[in-house]
Amino acid sequence: MRFFTFHYMPYQGLDAVQAIDDYGVGWCTLPNSMCDPGVMASNYRDYVDQAALADELGFDGVTLNEHHQTPFGTMPSPNVMAGAIAERTTRARIAVFGNALPLRSTPLSSIEEYTMIDLLSNGRLEAGFVVGGGPEYYSFALSPTNARDRFAEGLALVRRAWSEPGPFRWDGEYYQLDCVNPWPRPVQQPHPPIWVCGIGSPSTLEMCAREDIGYMGVNASQGHVDFVGQCEYLRKAADEYGRQYDPARMGWLTHIHVADSDEQALEEFGAHAAYGGLLTRGFGGPAKTFYPPGHLPPDRLAKWERQTRESYVAKPMPGDAPLMGKPQTVANRLISRLKDYKIGNVAMAFQWGTMPHDMVTRSMRMFAEQVMPIVRAELDAYLDDLYPQRTQSAMATGVGAK
Amino acid sequence: MIAEMSQVRTPAMKVSVAELGSGVPLVYLHDVLFDLVAVDGDAPVLLELLAGSHRVFAPALPGFRDLKQLAAFSSVTDYVLVVSDLLSSLGLDRPHVVGTGLGGWFAAELAAFYPDSVGTLTLVNAFGLRVEGHPTARFFDAAAPNALGGRREIRELLFAAPDGPPGIDLVPDFPDDETNERYFAHIHASARIGWEPPAFYDPRLLGRLDRISAPTHIVWGAENAVVDVSHGRAYEAGIENAVLTVLDGAGHAVTVEQPEELAKSVVAFLEMHDR
């Protein structure tokens with residue numbers, strides 16, 4: 001069982017209520033004059049310190065992600081942040097969940113930067129890839145109607161470039177390259193573990209099962225039942241493709257806050273969560289633009305709109321907020337969740353919204369000392385029993401390997 | 001009026017075509033929303049009115065009936081070729097070509113690529129041009145899923161009266177799943193070509209408008225907020241043989257806002273050139 005911290009790295013210097021009131025959006029068109037570089041630099045310093053602390057406390061890894069043109073997540077290049085964190089950590093895995101391949105003019109740049117991170121960190125990279133969020137397709141003026149096709153081709157190119165000796169030629173629908181021959185080569189051979197991060201599209205789960213790629217469910221606000229369904233779907237698909245399901249290649253993203261009592265945890269989380277929640281809602285107005293037309297098929301968009309409307313609550317709280325509480329509460333709930341999912345990785349956002357550095361580090365310490373050992377022992381025994389052949393890392397053995 | 005529906009084979013794909021009325025042939029290229037004949041042949045009022053004097057051929061543009069068709073479409077040339085092929089498959093010699101919005105763009109391109117294939121050209125609120133200082137509205141921003149806010153934003157773009165009929169009936173705030181799926185499918189199909197820059201226009205089109213030889217009628221809604229009337233004037237200025245009609249009180253969705261006035265204006269021009 002591996003425990004990762006997760007970080008959106010929000011810009012904290014905004015009056016989010018005012019911003020949403022004035023502009024109706026938290027992404028794309030929210031004026032960048034509202035970003036104070038001094039505040040941002042100080043936020044960055046705290047966030048890098050939090051990654052270093054995770055390393056020190058025995059977390060298995062830290063997780064970064066990519067977002068553009070929003071204070072919600074200020075890592076337009078998670079790879080730059082990964083480079084900084086590589087120098088401040090010694091043993092934690094550095095998971096980038098992930099690079100938004102279609103937003104790049106060529107997947108080669110992602111391969112190159114990822115390889116550099118792997119080298120700088122002496123083989124600690126987990127290489128995640130994402131289609132990219134809806135708002136990013138507005139920011140980059142890129143058609144969402146072929147985003148998934150473009151992503152699939154980009155990923156195939158990445159895997160081949162990391163698995164086969166170069167140079168070779170690539171004649172695809174979206175990418176045409178005379179010379180695929182990335183230098184340097186990564187420490188981890190044939191390549192760092194590859195992950196696809198998704199929100200539960202059957203086509204994505206199917207691809208991960210078929211191609212033996214790690215799957216990281218990154219929709220932190222989805223319900224428990226939904227994610228149980230995704231896990232079942234992936235295990236079934238792996239079976240159908242004649243592959244052994246490996247919990248090391250499946251992960252779940254969640255919010256978390258540990259404090260002395262359940263009441264204190266909920267209160268502290270609630271006080272700071274509103275900020276992040278507001279900005280999420282403000283993707284482009286209330287519950288708009290998460291998934292632009294074409295990003296998902298029409299029937300899923302229609303369903304998403306209806307379900308969002310039906311389940312909307314005015315006071316945002318991510319998901320059903322299961323992991324807010326005292327250490328014992330969080331341990332019990334986490335064990336129960338992970339057993340339901342039968343997975344070997346969990347990524348936890350300790351920092352969310354405006355939660356200040358001291359509160360974040362306190363919660364991380366309590367988790368590392370009082371929750372992680374219990375959950376780790378319990379889950380390792382449980383997974384060993386269920387999947388005696390399971391591995392300890394998300395490293396696939398190569399393209400098309402069984 | 002119920003149209004006869006058929007699948008017409010072209011070299012690239014099968015195209016679903018609705019036919020109605022009788023008289024001189026008229027090919028009608030539809031916009032993103034509202035003026036596509038339903039699968040069961042139920043035709044919009046505007047097409048019924050046009051069919052009163054002409055034989056109307058109304059194809060479904062690629063992807064609008066079946067999103068899978070989009071796989072082979074990524075540039076305006078792909079669309080122009082399939083429309084041109086369709087004229088041949090239907091055996092139509094220099095028909096009237098009428099296009100609205102997105103379909104108007106393809107009609108203008110067709111008339112510029114193949115000037116001899118078009119009898120007359122009618123452009124209604126056509127996309128296709130870049131006009132300095134009058135950019136095409138952020139259409140897909142306004143058309144995005146909006147679980148809580150409803151559809152007012154897109155109605156504001158499309159209709160002169162966003163909260164009155166027919167807008168509120170055709171684009172209700174919280175539609176049922178089936179209506180909503182069709183809406184998203186049409187937005188999706190048009191995003192294939194309308195999203196990426198140049199969005200809903202072709203920077204080269206203005207330079208080749210002078211290739212168009214067909215008598216051309218440009219019709220514009222005075223209140224059009226998607227492509228404002230300056231686009232109509234640019235078409236008028238660029239095409240040698242063009243006249244412009246501006247319909248007061250109409251927006252981009254003129255086909256459903258003022259079908260009678262629009263049909264009257266369109267038919268009056270066509271009848272001057274029927275042969």
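The values are calculated or read from the model by the stated rules, or taken from the named source; none is laboratory data. Since this is a predicted model, take the numbers as computed values, not measurements. For neighbour counting, all protein chains shown are included, and Cβ atoms are generated from backbone atoms with ideal geometry for every residue, glycine included.
Would the range A:179-191 turn up any residue that is out of contact with any strand residue (DSSP E or B) (no Cβ under 8 Å at 6 or more places or on another chain), hydrophobic (A, V, I, L, M, F, W, C) and part of a loop (DSSP other than H, G, I, E, B)?
Yes: the range A:179-191 contains one or more residues that are out of contact with any strand residue (DSSP E or B) (no Cβ under 8 Å at 6 or more places or on another chain), hydrophobic (A, V, I, L, M, F, W, C) and part of a loop (DSSP other than H, G, I, E, B).
Which of the residues belonging to the range A:1-50 are more than 30 Å from residue A:368 (Cβ to Cβ), part of a loop (DSSP other than H, G, I, E, B) and polar (S, T, N, Q)?
If the condition is that a residue be more than 30 Å from residue A:368 (Cβ to Cβ), part of a loop (DSSP other than H, G, I, E, B) and polar (S, T, N, Q), then A:29 is the only one that fits.
Working only within the range A:29-67, note down all residues that are farther than 27 Å from residue A:118 by Cβ and buried (at least 19 other Cβ atoms within 10 Å of the Cβ).
Hit for the range A:29-67 is A:30, nothing else.
Can you pull out the residues in the range A:208-229 that are crowded, with 20+ Cβ neighbours inside 10 Å and more than 16 Å from the chain's Cα centre (by Cα)?
Passing the criteria: A:209, A:212.
Given the residues B:84, B:16, B:74, which is the only one that is farther than 20 Å from residue A:298 by Cβ and polar (S, T, N, Q)?
Only one candidate passes the filter, namely B:84.
Output the residues belonging to the range A:301-318 that are modelled with pLDDT of 80 or more and hydrophobic (A, V, I, L, M, F, W, C).
A:301, A:302, A:304
Quick test for you: out of A:120, A:108, A:157, pick the one residue that is at pLDDT 95 or above and either among the hydroxyl-bearing types (Ser, Thr, Tyr) or crowded, with 22+ Cβ neighbours inside 10 Å (or both).
Going through A:120, A:108, A:157 in turn, the sole match is A:157.
Does residue A:132 count as touching an Asp or Glu at 6+ places or on another chain (Cβ under 8 Å) and at pLDDT below 95?
The answer is yes for residue A:132.
I'd like to know if the range B:109-132 contains one or more residues that are within 14 Å of another protein chain (Cβ to nearest Cβ) and not β-branched (Val, Ile, Thr).
Checking the range B:109-132: not a single residue is within 14 Å of another protein chain (Cβ to nearest Cβ) and not β-branched (Val, Ile, Thr).
Pick from the range B:128-143 the residues that are in a loop (DSSP other than H, G, I, E, B) and of a type in the set (Gly, Ala, Ser): which of them is surrounded by the most Cβ atoms within 10 Å (Cβ to Cβ)?
Residue satisfying both the conditions and the ranking: B:143.
So which pairs qualify, if the first residue must be in the range B:193-212 and in contact (Cβ under 8 Å) with a residue 60 or more places away in the chain and of a type in the set (Phe, Trp, Tyr), the second must be surrounded by 13 or more Cβ atoms within 10 Å (Cβ to Cβ) and part of a helix (DSSP H, G or I), the Cβ gap must be under 6 Å, and the two must be at least 6 apart or on different chains?
B:200/B:194
Where in the range A:66-174 are the helices (runs of 4 or more DSSP H), entirely inside, with at least 3 residues that are more than 14 Å from every other protein chain (Cβ to nearest Cβ)?
Hits in the range A:66-174: A:78-88, A:107-120, A:147-163.
Out of the range B:134-153, which residues are under 20 Å from residue B:224 (Cα atoms) and facing chain A (nearest Cβ under 7 Å)?
Once the filter is applied, which keeps residues that are under 20 Å from residue B:224 (Cα atoms) and facing chain A (nearest Cβ under 7 Å), the range B:134-153 yields B:140, B:141, B:143, B:144.
Just the residues that are within 30 Å of residue A:179 (Cβ to Cβ) and either of a type in the set (S, T, N, Q) or surrounded by fewer than 22 Cβ atoms within 10 Å (Cβ to Cβ) (or both), please, taken from the range A:89-102.
A:99
Any chance you could count how many residues in the range A:68-88 are in contact with a helix residue (DSSP H, G or I) (Cβ under 9 Å, 6 or more places away or on another chain) and buried (at least 23 other Cβ atoms within 10 Å of the Cβ)?
Qualifying residue count for the region: 6.
Among the residues of the range B:260-273, are any within 18 Å of residue B:96 (Cβ to Cβ) and either among the charged types (D, E, K, R) or part of a loop (DSSP other than H, G, I, E, B) (or both)?
Yes - at least one qualifying residue is present in the range B:260-273.
From B:66, B:85, which residue is at pLDDT 95 or above and charged (D, E, K, R)?
B:85
Provide a single number: the residues in the range B:169-219 that are part of a loop (DSSP other than H, G, I, E, B), within 27 Å of residue B:93 (Cα to Cα) and either within 17 Å of the chain's Cα centre (by Cα) or at the interface with another protein chain (Cβ under 8 Å from one of its Cβ atoms) (or both).
1
Does the range B:45-58 include one or more residues that are more than 17 Å from residue B:193 (Cβ to Cβ) and assigned to a loop (DSSP other than H, G, I, E, B)?
Yes, that holds for at least one residue.
Are any residues in the range A:192-213 in contact with a Phe, Trp or Tyr (Cβ under 8 Å, 6 or more places away or on another chain), aliphatic (A, V, I, L, M) and outside any helix (DSSP H, G or I), and if so, which ones?
Answer for the range A:192-213, where residues must be in contact with a Phe, Trp or Tyr (Cβ under 8 Å, 6 or more places away or on another chain), aliphatic (A, V, I, L, M) and outside any helix (DSSP H, G or I): A:194, A:196, A:213.
Cβ contacts < 6 Å: first residue within 12 Å of chain A (Cβ to nearest Cβ), restricted to the range B:64-90; second residue β-branched (Val, Ile, Thr) and part of a helix (DSSP H, G or I), any location; separation 6+ or different chain. Result?
Correct list of pairs: empty, since none qualify.
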